[in-house]
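Derivation of every value follows stated rules applied to the coordinates shown; laboratory data play no part. In this text the structure is predicted, and so the values were computed from the model without any measurement. Cβ sites come from the backbone with ideal geometry, for glycine too, and all protein chains shown count toward neighbours.
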Amino acid sequence: MIIGLGVDICQVDRLTAMLERRPGLMARLFTDAEVRTPDGKPRSGESLAARFCAKEALAKALGSPGGMSWLDAEVTTLPNGAPELVIRGTVAARAAECEVAKIHLSLSHDGGLATAFVICEGKT
């Protein structure tokens with residue numbers, strides 16, 4: 001059973017410029033693991049924009065209740081390369097309220113745009 005669906009799209013250059021203008025924003029939006037690849041290299045603007053979209057799409061799928069921390073949703077990468085949302089704290093509490101059992105995530109970026117789709121699935 002689908003609990004919620006969320007989608008978001010953003011211009012990569014716009015997000016990159018915003019992060020450059022307001023350096024403290026990076027730490028408010030992204031975890032350390034999201035900012036750098038596993039080998040320690042900085043992530044590309046496209047990768048960060050897709051992760052930002054994932055967090056926005058997740059909030060929409062959970063009904064956008066407000067009060068959720070950006071850092072309580074983290075986009076990680078599974079060994080097979082697929083993206084995954086790891087939730088904790090305020091986001092996990094909202095997911096529990098909605099009885100979410102599984103979160104599906106798809107990310108893409110091309111042509112200066114990044115997008116994410118999130119489906120929150122309930123218990124069957």
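Structural remarks
- If the condition is being of a type in the set (Val, Ile, Thr) and either in contact with a Phe, Trp or Tyr (Cβ under 7 Å, 6 or more places away or on another chain) or in contact (Cβ under 8 Å) with a residue 24 or more places away in the chain (or both), then region 4-46 contributes Val7, Ile9, Val12, Thr16, Thr31.
- Subset of region 62-76 [surrounded by fewer than 17 Cβ atoms within 10 Å (Cβ to Cβ) and either touching a residue at least 12 places away in the same chain (Cβ under 8 Å) or farther than 18 Å from Thr115 by Cα (or both)]: Gly63, Pro65, Gly66, Gly67, Ser69, Thr76
- Residue check, Arg43 surrounded by fewer than 20 Cβ atoms within 10 Å (Cβ to Cβ) and closer than 22 Å to Thr77 by Cα: yes
- All told, Ala49 meets the bar of being in contact (Cβ under 8 Å) with a residue 40 or more places away in the chain and either within 14 Å of Cys120 (Cβ to Cβ) or in contact with a helix residue (DSSP H, G or I) (Cβ under 7 Å, 6 or more places away or on another chain) (or both).
- Cβ pairs under 6 Å, 6+ apart, first in region 81-110 and of a type in the set (Val, Ile, Thr), second crowded, with 17+ Cβ neighbours inside 10 Å and assigned to a helix (DSSP H, G or I): Ile87/Ala95; Thr90/Asp72; Val91/Asp72
Every residue, every condition in (1) surrounded by fewer than 17 Cβ atoms within 10 Å (Cβ to Cβ); (2) out of contact with any Ser or Thr (no Cβ under 6 Å at 6 or more places or on another chain); (3) basic (Lys, Arg), yes or no:
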position	(1), (2), (3)
Asp8	no, yes, no
Arg22	yes, yes, yes
Leu25	yes, yes, no
Asp39	yes, yes, no
Ser47	no, yes, no
Ala59	no, yes, no
